[in-house]
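These notes are about the structure you will find just below.
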Amino acid sequence: MEYYLQLIINGLVVGSIYSLVALGFVIIFKATKVVNFAQGELVMVGAYICFALTVQFQLPFLVSFLLTLVFSIALAILVERLILRPLIGEPIISVIMVTIGLSSMLKSFVQMVWGTQIQVFPAILPQEPYMLLGLPIAPVYVAAFGLSVLLFGVFSLFFKYSSLGIAMRATAFDQQAAQSMGIGIKSIFALSWCIAAVVSSIGGIILGNINGINAQLGQLGLKVFPAVILGGLDSLLGAALGGLIIGVLENICEGAAKDLFGLGGFKEVASFVILVIILMIKPYGLFGTKEIERV
């Protein structure tokens, strides 16, 4: 029982990071109706930039963290202005293919600069574990989960009460109506990419402090995609719950497969199996908006 309880706790931590990255997917989709397949690479780039500032340039971690967020915003604006804005009005598939190309470019850049070896962040938090229900929990796990929950709360309040958040929600609901009310659609698109890049970088930094980083970190985008679809591509709440559900179920399935059958590697496919089962029951995800077309 303790074994499975430990798996659930670890799954909640990983799932909270999945939720952050899923938030980036949802924000971009709600504003632009585009699925950003470079989301995982934004996670990877943010983690490597923070690593370089902390280890190679010997800056304090907090300074490196803040500079990484600034870099993420600058990168998002650059990508949106130079690559994506000229594609406004083009078929969605063209924009999606561009995001796939962008993911390859970012991955190649990271491999060219930092190589493919695993890099490890220096220890920032104490190593002495906390005890919860008789189980040891590393302080970095507690900090990761707490920070993820805090950020989700902040962004929820931002979207609900701030003028920019309300403008983003209006744009997601009806772009033409929002534009007729004086909302700058292009600015909203840029802001969506900035928020997605920031939350992705934070997720990458958190994961880097737990497991280290390498060029394979970019594949996190594909691992998070089932959480996005599970919760609903246009639902912030769905992103949060979808990430937690996938994180927990991944760990439980992997642990159960090893414990009962001695099998490994099931973690990599468990989320997609769960996704298929859920979508057979609820095709729009748990909280996705049903679209009705009249013909």
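Conditions (1) within 25 Å of L244 (Cα to Cα); (2) open to solvent by 40 Å² or more (accessible area, probe 1.4 Å); (3) outside any helix (DSSP H, G or I), marked per residue:
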site	(1), (2), (3)
S104	no, yes, no
L125	yes, yes, yes
A144	yes, no, no
L147	yes, yes, no
F152	yes, no, no
I166	no, yes, no
Complete set of residues in the range 280-295 that are over 21 Å from the mean Cα position of the chain (by Cα), closer than 30 Å to F159 by Cα and either modelled with pLDDT of 80 or more or open to solvent by less than 70 Å² (accessible area, probe 1.4 Å) (or both): I281
Restricting the first residue to the range 277-295 and requiring it to be acidic (D, E) and part of a loop (DSSP other than H, G, I, E, B), which pairs with a second residue that is modelled with pLDDT of 70 or more and surrounded by 14 or more Cβ atoms within 10 Å (Cβ to Cβ) meet a Cβ separation below 8 Å and a spacing of at least six or different chains? E291/Y284
Only listed residue being within 21 Å of V228 (Cα to Cα), β-branched (V, I, T) and either out of contact with any Pro (no Cβ under 8 Å at 6 or more places or on another chain) or crowded, with 16+ Cβ neighbours inside 10 Å (or both), chosen from V79, V63, V110, V98: V98
Would you please name the residue that is farthest from F25 (Cα to Cα), looking only at residues in the range 172-204 that are among the hydroxyl-bearing types (S, T, Y) and open to solvent by less than 20 Å² (accessible area, probe 1.4 Å)? S201
State whether the residues of the range 246-263 include one that is within 14 Å of G15 (Cα to Cα) and modelled with pLDDT under 80. no
Residue count, the range 172-186, condition in a helix (DSSP H, G or I) and of a type in the set (D, E, K, R), comes to 1
Filter result for the condition that a residue is out of contact with any Cys (no Cβ under 7 Å at 6 or more places or on another chain) and touching a residue at least 60 places away in the same chain (Cβ under 8 Å), over I124, I166: I124
I'd like the full set of residues that are within 14 Å of V34 (Cβ to Cβ) and within 22 Å of the chain's Cα centre (by Cα), limited to the range 164-195. T171, A172, I188, F189, A190, S192, W193
Are any residues in the range 208-251 in contact with a Gly (Cβ under 9 Å, 6 or more places away or on another chain) and not in a helix (DSSP H, G or I), and if so, which ones? I213, N214, G232, L233, D234, S235
Is there a residue in the range 79-99 that is free of Cβ contacts under 8 Å to residues at least 40 places away in the same chain and at positive phi? yes
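The values are calculated or read from the model by the stated rules, or taken from the named source; none is laboratory data. Please read all numbers here as calculations on a predicted model, not as lab measurements. Note that we place each Cβ from the backbone using ideal geometry, even for glycine, and neighbour counts take in every protein chain shown. For accessibility, only protein heavy atoms count, side chains too; no ligands or nucleic acids. Shrake-Rupley method; radii C 1.70, N 1.55, O 1.52, S 1.80 Å.
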